[in-house]
1. Consider residue 82 carefully, then state whether it is surrounded by fewer than 20 Cβ atoms within 10 Å (Cβ to Cβ), within 13 Å of the ligand (Cβ to nearest atom), touching a residue at least 60 places away in the same chain (Cβ under 8 Å) and of a type outside the set (D, E, K, R).
2. With the requirement that a residue be under 22 Å from the mean Cα position of the chain (by Cα) and under 13 Å from residue 236 (Cβ atoms), what does region 204-222 give you?
3. Output yes when any residue across region 96-114 is more than 15 Å from the ligand (Cβ to nearest atom) and crowded, with 24+ Cβ neighbours inside 10 Å, and no when none is.
4. In region 194-244, what residues are in a loop (DSSP other than H, G, I, E, B) and under 18 Å from residue 117 (Cα atoms)?
5. Please work out if residue 185 is touching a His at 6+ places or on another chain (Cβ under 9 Å) and either charged (D, E, K, R) or surrounded by 14 or more Cβ atoms within 10 Å (Cβ to Cβ) (or both).
6. How many residues does region 201-229 hold that are loosely packed, with under 13 Cβ neighbours inside 10 Å and either of a type in the set (Ser, Thr, Tyr) or in contact with a His (Cβ under 9 Å, 6 or more places away or on another chain) (or both)?
7. Scan region 34-79 residue by residue and report those that are in a loop (DSSP other than H, G, I, E, B), touching a strand residue (DSSP E or B) at 6+ places or on another chain (Cβ under 7 Å), within 13 Å of the ligand (Cβ to nearest atom) and farther than 17 Å from residue 164 by Cα.
8. Of all residues in region 128-150, which are surrounded by fewer than 18 Cβ atoms within 10 Å (Cβ to Cβ), modelled with pLDDT of 75 or more and more than 8 Å from the ligand (Cβ to nearest atom)?
Amino acid sequence: MNFPEIPPIKFLESVDSTNSYLLNRAGTLTSYWAVATENQTAGRGRLGRSWESPLGSGVAVSIALPLFSRAPSVGIYSLLVGSAILDFVREEGLVNAHVKWPNDVLVGDRKLAGILCEMASSPFVIAGVGVNLFHDNLQLPHLGATSFDQEGKEVGESRGFVVRMVETVRDRWTSAANNRESWSDYLSPKIGTIGQKVKVVESKDNAWEGTAEGIDDEGHLLVRSFRDDVVRTVVAADVLHLRQ
Ligand code: BT5
């Protein structure tokens, strides 16, 4: 099938990681160049973790997004991609989806999509997005996973889904490039973690609880600790939403 999008989206039968594919071609990228597959064999998550998207379970997509002239931190870029994907999955019918800081799109407390933003050696952020479309326990052995199918939403054939997703990200990216508000004001309404009671897991031996009050202009999460009522800046940690 031929998609007249400019630039075209390259659909691969199979690839180790769509992010690696674009990072390895950093010198030849143009804005909004995108690559997608239904069969990613070595998908990467944050902090050396993996993202599983075997054939039949969903799509893996990476997009080369141009850096802004008023360049924010990679944390802000990552939240911008998360909020664009949130808009997209809501448009596709999952109106209850929300963003869990820093990079998950959840429905309830189950993960529908994961995002990994990496800086290329050329002036692009490589935005990698994995979205679960169909899912049974053999394909995605994660208790915490969900998919469009599991949430009762039809998305049609996956290439069309990818085209709509890339178009939404491109649209939101050009709007964000012209933002003159603080990044915190711009993004906070999109982040479901804000206002939640959370557990912050900094390491195996260091976890604490508090209320997420906002983000700063670097995209770090601001959490008021239950223990001493002090607001701490969370730079890199896993954050779990506690049941209210
Ligand atoms: C992420 O990392 O969620 C970022 C995932 C980014 C994947 C995309 S796919 C296209 C592009 N190419 C790549 O190579 N990567 C990007 P993190 O927050 O670290 O979460 C990883 C954790 O999510 C794993 O340790 C599992 O517990 C869980 N997980 C893995 N696969 C999952 C899936 N399909 N659905 C739900 N949870 C999953």
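The values are calculated or read from the model by the stated rules, or taken from the named source; none is laboratory data. Values in this document were obtained by computation on a predicted structure and should not be read as measured data. Cβ placement follows ideal geometry from the backbone for every residue including glycine, while neighbour counts extend to all protein chains displayed.
1. The answer is no for residue 82.
2. 218, 219, 220, 221 - these are the residues of region 204-222 that are under 22 Å from the mean Cα position of the chain (by Cα) and under 13 Å from residue 236 (Cβ atoms).
3. no
4. Passing the criteria: 217, 218, 219, 220, 235, 236, 237.
5. For residue 185, the condition - touching a His at 6+ places or on another chain (Cβ under 9 Å) and either charged (D, E, K, R) or surrounded by 14 or more Cβ atoms within 10 Å (Cβ to Cβ) (or both) - is not met.
6. Adding up the residues that qualify gives 1.
7. 45, 57
8. Those that are surrounded by fewer than 18 Cβ atoms within 10 Å (Cβ to Cβ), modelled with pLDDT of 75 or more and more than 8 Å from the ligand (Cβ to nearest atom): 134, 149, 150.
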